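Input: a single structure, listed below in structure tokens.
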Amino acid sequence: MLPHVETPIQKLEKYQGIISDELLEGIKNLAKDFKGLKVIMVNSTPRGGGVAEVLKSLVPLMKGAGLKAEWYTIPPREDFFKITKEIHNALQGKEYTFPFWHRVRYLEHMERSAFLMRDMKADIWIIHDPQPAGVILYLPHFHPSICRLHIDLTSPNPEAWNFFVGIFRMYNKVILTSKEFIQKEIKERALTFPPAIDPLMEKNKPLELKKARLILESFGIDVKKPLISQVSRFDPWKDPLGVIEAYKLAKKKIPDLQLALVGLFLARDDPEAMKIFKEVEKTVEGDPNIFLFSNPDQIGSLKVDIFVNAFQTASDIILQKSIREGFNLSVTEAMWKRKAVIGGKVGGIKLQIQDGKNGFLVSNPKEMAKRIAQLIKNPQLVEELGKAARETVQEKFLIPRLLRDYLKLFKEVIK
Ligand code: UDP
């Protein structure tokens with residue numbers, strides 16, 4: 001068997017009053033047909049990054065709705081995750097030659113993982129992202145199966161795409177986040193719905209501003225001065241260097257500006273983070289107004305969820321300067337907390353932010369710097385955007401909606 005991730009049960013009723021009664025009833029009606037349905041989710045890491053974050057809430061909620069949902073990961077291997085990180089980058093558009101030995105290593109680990117799955121039984125399989133997607137090559141009984149891709153597939157590198165498209169096409173359905181990601185080769189089996197956040201998680205529950213500020217102060221931040229933050233892994237697509245450039249430009253207008261980059265190394269499938277962090281550290285050159293968080297030991301016994309919540313709650317503005325983005329839950333989390341978010345005009349961020357209505361979209365550090373200065377000087381605008389941001393998340397990006405979309409899909413797949 002694959003490594004199992006323990007999950008509790010979450011009752012649907014807990015969301016009463018947060019989501020509409022109509023959605024709640026709709027889910028209950030759909031779920032009636034799926035009592036006892038065994039759903040197995042497989043991804044690459046039990047923590048760190050958006051996919052684990054979604055599964056942490058979605059699996060318990062599926063169980064609460066009467067399904068038998070289970071979550072497994074493929075066995076961790078450092079050499080494998082080094083290769084899959086390159087594949088991930090390539091599928092998001094980075095130059096890549098996809099060496100023969102990378103293909104071999106990838107397939108070897110897929111075969112090994114599939115071997116561990118040989119006696120596992122499910123009514124429906126949901127495999128998340130390219131890292132585990134290849135197991136289907138070695139599992140003839142693997143149907144119905146769904147491949148859920150969380151990445152930005154706007155312009156994949158052809159070598160990586162040509163290899164993976166054969167794998168994706170073996171699945172009954174491929175779920176993507178945005179219509180922009182549908183490439184012609186998978187068109188007939190593709191459908192789209194976005195991920196979602198869980199408002200009942202400690203990370204997203206209301207945290208008193210006073211408490212949040214105390215937490216920030218304990219890390220050396222001056223809460224009387226303006227603070228902008230990006231909560232994201234140290235990853236080239238999240239463009240931390242672009243954020244620092246924007247901060248430096250904005251600082252010319254707002255001299256006491258502070259910046260926090262919150263990207264604790266939590267994801268085992270992201271071996272690139274340390275390298276990017278080192279570059280960031282070099283660029284920062286000991287600026288006392290830039291605060292970097294990468295090592296989980298830095299936060300001691302404080303829970304990660306509370307730590308992240310504190311930054312999202314007490315920052316004046318949240319940034320997400322990605323240059324490719326499947327969705328980005330950090331944006332959703334901040335919008336839920338009524339924050340004005342300035343995000344890169346790409347992929348999944350465009351699904352969430354409507355420029356000028358519930359946040360701002362930008363294409364480069366200069367534009368970002370302009371918006372930072374504008375917002376810091378205009379708290380009224382921050383409040384208006386934040387209010388609209390909250391409404392957007394309430395309407396579209398809370399976890400029960402995601403459950404509903406999956407149930408609808410199950411209806412279609414299990415005939
Ligand atoms: N996150 C966290 N600690 C950190 C940085 C990020 O818990 O130090 C969380 C963040 O709150 C979000 C997830 O990691 O829930 C990142 O998901 P997202 O979709 O934004 O990006 P991904 O890492 O999946 O590309």
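Rule-based calculations on the coordinates, nothing more; no lab input. Owing to the predicted nature of the structure, the values given are computational and were not obtained by experimental measurement. Positions of Cβ are backbone-derived with ideal geometry, glycine not excepted, and every protein chain shown enters the neighbour counts.
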Quick count over the stretch 259-281, residues being in contact with a Ser or Thr (Cβ under 9 Å, 6 or more places away or on another chain) and either without any contact (Cβ under 8 Å) to a residue 24 or more places away in the chain or not aromatic (Phe, Trp, Tyr) (or both), is 15
When the stretch 176-227 is checked residue by residue, the ones that are in a strand (DSSP E or B), β-branched (Val, Ile, Thr) and surrounded by fewer than 21 Cβ atoms within 10 Å (Cβ to Cβ) are THR192
Across the stretch 92-132, the tally of residues that are assigned to a helix (DSSP H, G or I), over 19 Å from ILE151 (Cβ atoms), within 26 Å of the chain's Cα centre (by Cα) and among the hydrophobic types (A, V, I, L, M, F, W, C) stands at 2
Residue hits (the stretch 388-415; within 19 Å of LYS205 (Cβ to Cβ), in contact with a Lys or Arg (Cβ under 9 Å, 6 or more places away or on another chain) and surrounded by fewer than 17 Cβ atoms within 10 Å (Cβ to Cβ)) are ARG390
Practice problem: Could you check, for the stretch 27-41, whether at least one of its residues is of a type in the set (Asp, Glu) and without any contact (Cβ under 8 Å) to a residue 40 or more places away in the chain? | Solution: no
Among the residues of the stretch 282-299, is any more than 10 Å from the ligand (Cβ to nearest atom), within 26 Å of ASP79 (Cβ to Cβ) and in a helix (DSSP H, G or I)? yes
Of the listed residues (THR97, THR84), the one being touching an Asp or Glu at 6+ places or on another chain (Cβ under 9 Å) and surrounded by fewer than 20 Cβ atoms within 10 Å (Cβ to Cβ) is THR97
Exactly one of ARG103, ARG112, ARG118, ARG77 is in contact with a Phe, Trp or Tyr (Cβ under 8 Å, 6 or more places away or on another chain), in contact (Cβ under 8 Å) with a residue 12 or more places away in the chain and surrounded by fewer than 21 Cβ atoms within 10 Å (Cβ to Cβ), and that residue is ARG103
